[in-house]
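Input: a single structure, listed below in structure tokens.
Throughout, read-outs are computed from the coordinates displayed, never taken from laboratory work. Please read these numbers as outputs of a predicted model, since none were measured by experiment.
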Amino acid sequence: MIKRPKYAILADKLIKNILETQQPTNTRFFTEKELAHKYSVSRSTVRAALSELEDLKLIAKAKNVGYYVTYEPVQYDYAHFYSFSKLDMPAEQAPTTEILLFTQTIPNYYVAQMLHLAQDEPVYRVERLRLLGHQPVLFEKTFLPAERFPALKRNELVKNSLYDLLSTKYQLKIKDGAEEFFASLINEREADLLDLRVGSPCLKIQRLAYDIFERPFEFTITTAPSRYFAYKVPLTKDV
């Protein structure tokens, strides 16, 4: 019979406690000291067990807070366009958006290339913090060609989803888009905004969207902490 290490046995007990008691998300979890005392194990055993729970996204650790029970991962269908503001979530986790920056500016070379613009053509730069309940979960930087969307207002983005606004106000007809994912680490500014430790793992998502004339109209860079979101892509086998 295979003998299981102490941390694995403790991890099973903690997992069962979270799942069977249905402990509410975003609530405080036990400290290392409390668990060591409760289960009569060493702090190193507790840390190893908590690491198992973090890998399963059942708990997370925030600076100045300690461990807490995390949200169920939000799942997006990346085969279709999606809207954060229209996520179907419980009332206590209702999606909201804070506009951190709304300005016209000259894009850098990379953004200009993505949007097929000359580098001196202005763009709107919009920075948004996405929240579920009171918990910040996404940071987005969006660039839009200013000439295509004249008189775009900051307050319009607070009240409407971006795609709904562009479709109704500017009669934009969206055709398709592409997203590129790559692993990254949270930087200092993102850590402050998302209440995470610097160096926490995340996904960077670059989205480029096109209208029916194959013209790019939106370039967005999203920082998505790994503890909040699950990404599923269906796989099929060639015949």
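A few notes on this one:
- Distant-in-sequence amide H partners of residue 59 (H built 1.01 Å from N, under 5 Å): 54, 70
- The mean sequence separation of alpha-carbon pairs under 8 Å and at least six residues apart, normalised by the residue count of the chain, gives a relative contact order of 17 percent.
- Highest-MSF residue in the chain out of 67, 210, 39 [GNM, Cα springs under 10 Å]: 39
- The chain: calculated mean residue ellipticity at 222 nm from DSSP helix runs of at least 4, using -39500 (n - 2.57): -7500 deg cm²/dmol
- Start at zero, step by 5 Å, and the Cα-Cα distances of the chain spread as 1, 5, 12, 15, 16, 14, 11, 8, 6, 5, 4, 2, 1, 0, 0 percent across the bins.
- Per-residue 3J(HN,Hα) values for the stretch 200-210, derived from phi via the Karplus relation 6.51 cos²θ - 1.76 cosθ + 1.60 with θ = phi - 60°, read 5, x, 7, 10, 9, 10, 9, 10, 10, 10, 10 Hz in sequence order (x marks Gly and Pro).
- Contour excess over end-to-end distance, with Cα ends at residue 28 and residue 192 and 0.36 nm allotted per residue: 57.0 nm
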